[in-house]
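Asker: Structure below; questions to follow.
The values are calculated or read from the model by the stated rules, or taken from the named source; none is laboratory data. Computed from a predicted model, the values in this text were never measured in an experiment. Counting neighbours? That spans all protein chains shown, and the Cβs are built from the backbone with ideal geometry, glycine included. Note: areas computed on protein heavy atoms with side chains; ligands, DNA, RNA excluded. Shrake-Rupley method; radii C 1.70, N 1.55, O 1.52, S 1.80 Å.
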Amino acid sequence: MTFRELGLSEKVLQAVEASGYTTPTPIQAQAIPEVLAGRDVLGIAQTGTGKTAAFTLPMLSRLEQGRARARMPRTLILEPTRELAAQVEESFGRYGINHKLNVALLIGGVSFGDQETKIMRGADVLIATPGRLLDFAERGKLLLTGIEILVIDEADRMLDMGFIPDIERICKLVPFTRQTLFFSATMPTEIVRLTEAFLHNPVRIEVAPAASTSATIAQVLVASPSGPAKRETLRHLIRSVDNFKNAIIFCNRKRDVAILHKSLQKHGFRAGALHGDMDQRSRMASLDAFKNGEVDLIVCSDVAARGLDIPDVSHVFNFDVPVHAEDYVHRIGRTGRAGKLGTAISIVTRADQKHLAEIEKLIGRVVEWQQGATLDTLTQDDEEEASPRQRGGRRTSGERTRAPREHSAREPREQSKRTREAPHDAPKSNGPAAAKAHDPRPQEARSQEPRQHEPRQHAPRAPEQKVPDHRERSHQRPDRARSRDNGHDDQPVVGMGDHVPSFLLRPVKLKPSVVEEAEEA
DNA sequence: AAAAAAT
């Protein structure tokens, strides 16, 4: 099967060939002829199946006849997130190079001016998130009465996000005679009801069963204590995994995205962040930086879990196990795309066991623990290290200071940091981080790339050995780094001797905002 | 125990 057999126009075929594609994916092969014939389509497909091209290519063919009028776009595509909307715009840009079509992106978080100009000029394709679209429509800046094709993408996600009332309102603003293309990864009853109301005699095209995980994704679990030790577990994993190119790291909460992002940067990693409370500029900048390789790590909330198509992501880390099992499937689906191999590593703490069980039930298989090291193999020490704040007065700071390890002697200037880091970085031999003896990546492929001109002080490191800290923080002012460190990690108090006033050892309850500031170090 | 989306 080739694209040529599907009935697409010559202009579109040339653009597809220029992109290097020759064989349509199953959903493209099935959907494209139907869209070209003007039929409604109900596509049940995950992202990563080639769904976007399944509607953009035939839409481009159809749009070759006719012209857009001011304020009256000819086609409308609804997306649940701004990033997905921007991604669809890119797709029109890529496959529409031979067309002179006006494509407008109508999303929140950016100024109205440009968007209004494009709509006034007449948009052939309007790609929108529901809120901003309704805003325009209600102000009379946009008429939906000329819509020929309506695309509702990621409908089940729209449902999750409470967009269904908005979608229904929008559907009532577009002409009854339009063609509707409706895509959803799953079909909950709410969505079935919607398709019955707004699709006319649709062709049903189903490609991948919901909740299946791709065979091209290797999945593994890593047991870890929680707290700062969890960040150390992640750092170790990033440094030690095989075939690392870049990674998306998921957290469950936006504030944890911010904390982890800063922590990784502090440790010298080139990392970006992406969550819905960031301003739109930063969101786009982060995503671009990750796509073009300026950073090789991006810390995300679930805003990035679904649909984002970043080719060639080598690893997905679940820094937090997702609370909702379906999110696991979506998150790990950011890797192993387009036939490439990917690895999904989930860091699991005691508290995650329940959610892990639900995930395994959903995907219908158990996920292996790395090196067979389950939560039960975490030692008492690991667990205690995980919660220094709750220790209260059980130990004095003097007792907390561990005997320097052998490598401290080799790096005397790093001793204080090393003492603090060693317990997490060097778990028991059956512990989570004992996985790989050294980083097999070529130097240029690593997170610390900008510093590659610096001589590497140590040959491939042993698991007990941390990457020399001066490499990680060489770009930082050391005084700043040190002072910001003191807040949350388990560092012995310097300058008070072994005596610590008892009030300092009392457990303290901090307001969340205070905790956040402390954690920012 | 969350995130997202209009201002």
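Asker: Please verify whether the stretch A:146-168 includes one or more residues that are away from DNA strand B (no atom under 13 Å from the Cβ), assigned by TED's automatic domain parsing to the domain that holds A:Ser19 and open to solvent by 50 Å² or more (accessible area, probe 1.4 Å).
Answerer: Yes, that holds for at least one residue.
Asker: For the stretch A:231-238, indicate whether the set of residues that are part of a strand (DSSP E or B), modelled with pLDDT of 90 or more and more than 28 Å from A:Met187 (Cα to Cα) is non-empty.
Answerer: no
Asker: Ok, one more. From the list A:Gly7, A:Gly20, A:Gly66, which one is modelled with pLDDT of 95 or more, of a type in the set (Gly, Ala, Ser) and in the same structural domain as A:Ser184 (by TED's automatic domain parsing)? Don't jump to the end; show me each part of the working.
Answerer: Details: A:Gly20 fails: modelled with pLDDT of 95 or more; A:Gly66 fails: modelled with pLDDT of 95 or more.
None of the others qualify; the one that does is A:Gly7.
Asker: Name the single residue that is farthest from A:Pro58 (Cα to Cα) among those in the stretch A:91-117 being polar (S, T, N, Q) and in contact with a helix residue (DSSP H, G or I) (Cβ under 7 Å, 6 or more places away or on another chain).
Answerer: A:Asn102
Residue-wise test of (1) within 31 Å of the chain's Cα centre (by Cα); (2) open to solvent by less than 10 Å² (accessible area, probe 1.4 Å).
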site: A:Glu10; (1), (2): no, no
site: A:Tyr21; (1), (2): yes, no
site: A:Pro24; (1), (2): yes, no
site: A:Ile27; (1), (2): yes, yes
site: A:Arg39; (1), (2): no, no
site: A:Ile44; (1), (2): yes, yes
site: A:Thr52; (1), (2): yes, no
site: A:Phe55; (1), (2): yes, yes
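Asker: How many residues are within 16 Å of DNA strand B (Cβ to nearest atom), aliphatic (A, V, I, L, M) and surrounded by fewer than 23 Cβ atoms within 10 Å (Cβ to Cβ) when one looks only at the stretch A:261-299?
Answerer: Total meeting the criteria: 4.
Asker: Right, A:Val220: over 19 Å from A:Leu106 (Cα atoms) and in contact (Cβ under 8 Å) with a residue 60 or more places away in the chain or not?
Answerer: So A:Val220 passes the test.
Asker: Mind checking which pairs have a first residue in the stretch A:245-258 that is not assigned by TED's automatic domain parsing to the domain that holds A:His324 and a second that is more than 8 Å from DNA strand B (Cβ to nearest atom) and among the β-branched types (Val, Ile, Thr), Cβ under 7 Å, 6 or more apart or different chains?
Answerer: Cβ pairs passing all conditions: none.
Asker: Out of (1) in a loop (DSSP other than H, G, I, E, B); (2) in contact (Cβ under 8 Å) with a residue 12 or more places away in the chain, the odd one out for A:Val303 is which?
Answerer: Result: A:Val303 fails condition (1) only.
Asker: Looking only at residues that are open to solvent by 50 Å² or more (accessible area, probe 1.4 Å) and β-branched (Val, Ile, Thr) in the stretch A:107-131, which one is nearest to DNA strand B (Cβ to nearest atom)?
Answerer: Looking at the filtered set, the residue picked out is A:Val110.
Asker: I would also like to ask the following. So, in the stretch A:334-358, how many residues would count as being open to solvent by 20 Å² or more (accessible area, probe 1.4 Å), touching a residue at least 60 places away in the same chain (Cβ under 8 Å) and not aliphatic (A, V, I, L, M)?
Answerer: The number of residues fulfilling the criteria is 5.
Asker: Just one of (1) touching a residue at least 60 places away in the same chain (Cβ under 8 Å); (2) closer than 25 Å to A:Lys141 by Cα trips up A:Thr49, so point out which.
Answerer: (2)
Asker: Right, something else. Of all residues in the stretch A:359-368, count the ones that are without any contact (Cβ under 8 Å) to a residue 24 or more places away in the chain and either within 16 Å of DNA strand B (Cβ to nearest atom) or surrounded by 15 or more Cβ atoms within 10 Å (Cβ to Cβ) (or both).
Answerer: Final tally of qualifying residues: 1.
Asker: Since A:Val257 meets every condition but one in (1) under 22 Å from A:His355 (Cα atoms); (2) open to solvent by 10 Å² or more (accessible area, probe 1.4 Å), which condition does it not meet?
Answerer: In the conditions (1) under 22 Å from A:His355 (Cα atoms); (2) open to solvent by 10 Å² or more (accessible area, probe 1.4 Å), A:Val257 misses (2) alone.
Asker: What number of residues within the stretch A:61-87 are under 22 Å from A:Thr129 (Cβ atoms) and either without any contact (Cβ under 8 Å) to a residue 12 or more places away in the chain or more than 16 Å from DNA strand B (Cβ to nearest atom) (or both)? Quick ask: steps written out before the conclusion?
Answerer: Restricting attention to the stretch A:61-87, the residues satisfying the condition of being under 22 Å from A:Thr129 (Cβ atoms) are A:63, A:68, A:71-87.
The next check asks that each one be either without any contact (Cβ under 8 Å) to a residue 12 or more places away in the chain or more than 16 Å from DNA strand B (Cβ to nearest atom) (or both); those that pass are A:63, A:68, A:71-72, A:74-75.
Total meeting the criteria: 6.
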